[in-house]
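Here is the structure we will look at, set down as structure tokens.
The values are calculated or read from the model by the stated rules, or taken from the named source; none is laboratory data. Given the structure is predicted, the values throughout are model-derived calculations rather than measurements. Here the Cβ positions follow ideal geometry from the backbone for every residue, glycine too, while neighbour counts run over all protein chains shown. Protein only, heavy atoms only, side chains kept; ligands, DNA and RNA dropped before computing areas. Shrake-Rupley method; radii C 1.70, N 1.55, O 1.52, S 1.80 Å.
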Amino acid sequence: MGRTTFGVKVAPMHVTYDELLRVWRDADQAPELEHAWVFDHFYPIAGNEEGPCLEGWTVLTALATQTERLRVGSMVMGNTYRYPAVLANMAATLDIIANGRLEFGLGAGWHEAEHAAYGIPFGTAAERINRLDEACQVCIKLWTEHRATFTGHYYQLTNALCEPKPVQKPYPPIVIGGSGEKLTLRTVARYADIWNCNSSGLDQFKHKSQVLDEHCAREGRDPAAITRSIQMFANVDAPEQAREDVKGYLEAGVTHVIFYLRPPIAKNAVARLVRDIVRPLREELGV
């Protein structure tokens with residue numbers, strides 16, 4: 001089991017770019033925080049659907065250029081929104097821009113209203129997860145082979161280039177979000193370096209983690225090679241409860257914790273998150 005890390009996430013909905021930038025810059029100056037995240041949606045997924053929502057990949061790139069230390073990522077990108085060969089090139093370029101700090105977050109996609117509004121094929125859950133599985137193969141091939149060829153059911157490559165390659169070798173860590181027991185966790189077992197569990201509650205996390213271990217056994221993968229990740233809302237006004245919530249997950253094997261800050265975000269939110277939640281956890285648990 002690897003060492004425990006803490007990060008921060010702000011969804012780019014119902015906030016301005018300046019507010020996002022302030023949080024990321026504050027986090028970049030706080031050594032207790034090691035990673036920062038946005039999400040990947042075109043509509044707000046909470047509150048007023050007609051409110052502002054910045055495009056995830058563009059804002060992630062902008063924020064990466066304004067930080068120096070944090071590892072950066074989207075928790076997680078929807079695979080259906082971008083053709084994976086194009087996404088692989090985008091990720092390679094961002095990893096270069098960020099000097100090797102990209103965490104490549106990817107999921108199957110789930111927000112049907114966005115797909116319907118933009119004319120993006122949605123498909124069944126099984127189709128979307130099978131697409132995710134192929135997308136991981138496409139990206140890995142493009143990042144590791146000079147010319148890549150791939151023949152899948154959904155995606156094809158023919159002597160394809162992706163140059164320059166990412167800074168990180170063999171490629172940026174793949175972060176897969178999702179908890180479907182039959183297909184999603186099988187894909188996690190095959191390709192993920194980090195698994196973010198989006199199930200609710202500690203008992204569900206423990207069950208899903210056991211299912212992932214079983215998939216790893218079938219795939220010949222060491223379960224310890226996959227970092228277990230969670231994200232939870234960080235109420236800086238109730239730090240004791242936040243610390244207690246996290247402890248159970250840490251005891252269950254989580255080593256990658258993302259604290260989600262919701263708007264309106266106070267100007268001292270990151271400082272309070274570090275002072276009242278992260279630092280006491282590190283001191284108490286020795287992580």
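If you count the DSSP beta bridges with both ends in the stretch 1-75, what percent of them are antiparallel, to the nearest 5?
Values: 1 of 8 bridges.
The antiparallel fraction comes to roughly 10 percent.
Round to the nearest 0.05 the FRET efficiency obtained for residue 3 and residue 45 when R0 = 41 Å and r is the Cβ-Cβ distance.
Given R0 = 41 Å and the Cβ-Cβ separation, E is 0.80.
Of all DSSP beta bridges located in the chain, what percent are antiparallel, nearest 5?
Of those bridges, close to 10 percent are antiparallel.
Leaving out ligands and nucleic acids, and using a 1.4 Å probe, what accessible area per residue does the chain come to in Å²? List each step's numbers first, then the result.
Details: 12580 Å² over 287 residues.
On a per-residue basis, 44 Å².
Tell me which trypsin sites (Lys or Arg not before Pro) from the stretch 116-176 have a DSSP coil assignment and no more than 14 other beta carbons within 10 Å of their own. Don't skip to the answer; put the middle values down first.
Working: sites: 128, 131, 141, 147; in loops: 147.
Answer in residue order: 147.
FRET efficiency for residue 97 and residue 222, Cβ-Cβ distance as r, R0 = 41 Å, nearest 0.05? Mind dumping the intermediate values first?
Details: r = 32 Å, r/R0 = 0.78.
The formula returns an efficiency of 0.80 here.
Between residue 68 and residue 117, what is the label-to-label distance in nm when each label sits 7 Å out along the Cα-to-Cβ direction?
Rounded to a tenth, the inter-label distance reads 3.9 nm.
From the phi of every residue in the stretch 279-287, what ³J(HN,Hα) in whole Hz does the Karplus formula 6.51 cos²θ - 1.76 cosθ + 1.60 yield, where θ is phi - 60° and glycine or proline is x?
4, x, 5, 4, 5, 5, 9, x, 10
Would you please classify the overall shape of the stretch 35-99 from the alpha carbon gyration tensor, given that a ≥ b ≥ c denote the square roots of the eigenvalues, rounded means a/c under 1.5, and beyond that prolate means a/b larger than b/c while oblate covers the rest?
Numbers: a/c = 2.46, a/b = 1.37, b/c = 1.80.
Oblate.
Based on the Cβ-Cβ distance from residue 58 to residue 32, what FRET efficiency comes out when R0 is 35 Å, to the nearest 0.05?
Numbers: r = 28 Å, r/R0 = 0.81.
Using R0 = 35 Å, I get an efficiency of 0.80.
Quick one: which of 9/169; 9/206; 208/247; 141/182; 165/247 span more than 28 angstrom between C-alpha atoms?
Numbers: 9/169 25 Å; 9/206 23 Å; 208/247 18 Å; 141/182 25 Å; 165/247 39 Å.
In this structure, 165/247 exceed 28 Å between Cα atoms.
How large is ³J(HN,Hα) for each residue in the stretch 216-231, as worked out from phi by the Karplus curve 6.51 cos²θ - 1.76 cosθ + 1.60 (θ = phi - 60°), to whole Hz, x for Gly and Pro?
4, 4, 5, 8, x, 10, 6, x, 5, 6, 10, 5, 8, 10, 9, 10
Skipping prolines and chain starts, which residues have an amide H placed within reach, meaning under 5 Å, of the one on residue 260, given they are 5 or more residues away or on another chain?
Amide H neighbours of residue 260, under 5 Å, 5+ apart: 9, 232, 233, 234.
Based on Cβ point charges of +1 for Lys and Arg and -1 for Asp and Glu, what charge dipole magnitude is obtained for the stretch 179-287 about its Cα centre, in debye rounded to the nearest 20? It would help to have the intermediate numbers written out before the result.
Working: 16 positive and 15 negative charges, 73 e Å.
It comes to approximately 360 debye.
Under 5 Å between amide hydrogens, which residues at least 5 positions from residue 71 or on another chain qualify, with H placed 1.01 Å from N in the peptide plane?
For residue 71, whose amide H was placed from the backbone, the distant partners under 5 Å are 35, 36.
With +1 assigned to the C-beta of every Lys and Arg and -1 to the C-beta of every Asp and Glu, and no other charges, what is the dipole magnitude of the chain about the Cα centre in debye, to the nearest 20? Before the final figure, lay out each step's value.
On the way: 30 positive and 35 negative charges, 118 e Å.
Dipole size: approximately 560 debye.
Provide the packing ranking of 233-241, 26-34, 72-80, 98-106, i.e. peptides ordered by the mean count of other C-beta atoms within 10 Å per residue, highest first.
Values: 233-241: 15.0, 26-34: 18.1, 72-80: 25.1, 98-106: 23.0.
Per-residue Cβ counts within 10 Å, averaged per peptide and sorted highest first, yield 72-80, 98-106, 26-34, 233-241.
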